[in-house]
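Below is one structure, written out as structure tokens; comments come after it.
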Amino acid sequence: MLNIGILGCGRIGAVHAGSIDRLEGVRVAAVADAVPAAAEALAAKTGAQAMGSQALIASADVDAVVIGTPTDTHYDLIHAAANAGKAIFCEKPIDMSADRIRDCIAAVEVAAVPFMTAFNRRFDPNFAHLQARLAAGHIGEAEIVTILSRDPSPPPVSYIQSSGGIFRDMMIHDLDMARFLLGEEPATVFAVGSALVDPEIGRAGDADTAAVTLTTASGKICQISNSRRATYGYDQRIEVHGAKGMLRAANVPEHTVETATVDGFATAPAKHFFLERYEAAYLAEMAHFVTAVRNGAPLSPGITDGLRAQLLADAATHSWQTGQPVALT
């Protein structure tokens, strides 16, 4: 039995606990949260023991930890877990600072512990199938990748102020997906952004509508567009155009019933929230983590994937702020 400790018992911690509950040979052994009531609630739901974060990390009854706490706590928790010899599953971003992520990489490498960065969209069944067909050469070499990601509504401005900005908070998922699909690292980044959804977001120094163009050394192009508003649901689409054809992953609707009348054809809106849209992805990524840790197999995406996505997000932010393309070294 693999025993997992969950650090952070908010929304994402509860999601991961639910995934673990659906897997064989693994259990939530302990939970911890800065808010004791949150830890007690998740402990009651999972049958785990609620304890302090340091006690959880030090516990001999915990084999691996899931870090779902606020980003500014990740650095210390990663170092503590690595020093304790625990396998680590960490939500993105690993840290807002690339240099601090490099410190985490060093700690993980010295301790030789497994580490997974939780870019769950790689595990979405539709996106994973698209990538597998692309890797198998079904449309030849990718030439243009198009990624669209739009939230139903913006978060509170209080969240925006501490989020690191749209490129680090929201688009970082799409930047990782670009790397996943392109098969090579972007060499240049050019970003634009505006505050069209909520002027308060602009006054907070962020954008709520953004686009990025990535170009690789061989000339492959990826176009990413983000918006904090989509009136028709949670918009998540990918298209890859290649030398021999095209692959496309469409939105996942609330249901598949189609109505046809004299007025035309009507279908259901896209699923409205990321938790329901990516439920299968959250389960699949946790299954990958559990299986790899148990079998001593490599984990992907790893900690260096977290760093590379953060560097792309940093470059996009800088490009937006300066109006200039940024070359990556």
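The rows are residues; the columns are (1) within 24 Å of the chain's Cα centre (by Cα); (2) modelled with pLDDT of 95 or more.
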position: 240; (1), (2): yes, yes
position: 244; (1), (2): no, yes
position: 259; (1), (2): no, yes
position: 272; (1), (2): yes, no
position: 282; (1), (2): yes, yes
position: 293; (1), (2): yes, yes
position: 323; (1), (2): no, yes
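If the condition is being free of Cβ contacts under 8 Å to residues at least 12 places away in the same chain and either part of a helix (DSSP H, G or I) or touching a Lys or Arg at 6+ places or on another chain (Cβ under 6 Å) (or both), then the stretch 130-157 contributes only 132. Is it fair to say residue 292 is among the small types (Gly, Ala, Ser), free of Cβ contacts under 8 Å to residues at least 40 places away in the same chain and surrounded by fewer than 21 Cβ atoms within 10 Å (Cβ to Cβ)? Here the answer is no, as residue 292 does not meet what is asked. Can you find, within the stretch 184-233, the residue that is surrounded by the fewest Cβ atoms within 10 Å (Cβ to Cβ) among those that are modelled with pLDDT under 95 and among the hydroxyl-bearing types (Ser, Thr, Tyr)? In this case the residue turns out to be 231.
Restricting attention to the stretch 128-172, the residues that are under 22 Å from residue 276 (Cα atoms) and among the acidic types (Asp, Glu) add up to 2. Put simply, of 18, 8 the only residue that is within 23 Å of the chain's Cα centre (by Cα) and on the phi > 0 side of the Ramachandran plot is 8. I'm told residue 53 meets every condition in (1) polar (S, T, N, Q); (2) surrounded by fewer than 23 Cβ atoms within 10 Å (Cβ to Cβ); (3) touching a Leu at 6+ places or on another chain (Cβ under 6 Å) except one. Can you identify the failing condition by its number? Condition not satisfied by residue 53: (2). Quick one: which residue in 15, 26, 35, 31 is buried (at least 24 other Cβ atoms within 10 Å of the Cβ) and assigned by TED's automatic domain parsing to the domain that holds residue 85? One residue alone meets the criteria, 31.
Residue by residue, here is whether (1) among the acidic types (Asp, Glu); (2) in contact (Cβ under 8 Å) with a residue 60 or more places away in the chain; (3) closer than 21 Å to residue 103 by Cβ holds:
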| position | (1), (2), (3) |
| --- | --- |
| 10 | no, no, no |
| 13 | no, no, no |
| 25 | no, yes, no |
| 44 | no, no, no |
| 54 | no, no, yes |
| 61 | yes, no, no |
| 75 | no, no, yes |
| 82 | no, no, yes |
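Residue pairs whose Cβ atoms lie under 6 Å apart, separated by 6 or more positions or on different chains, with the first residue in the stretch 158-185 and over 21 Å from residue 235 (Cα atoms) and the second small (Gly, Ala, Ser), are 161/204. Scanning the stretch 32-70 for residues that are at pLDDT below 95 and among the hydroxyl-bearing types (Ser, Thr, Tyr) turns up nothing.
The values are calculated or read from the model by the stated rules, or taken from the named source; none is laboratory data. Model, not experiment: these values are computed from the prediction. Here Cβ is always computed from backbone atoms with ideal geometry, including for glycine, and neighbour counts include all displayed protein chains.
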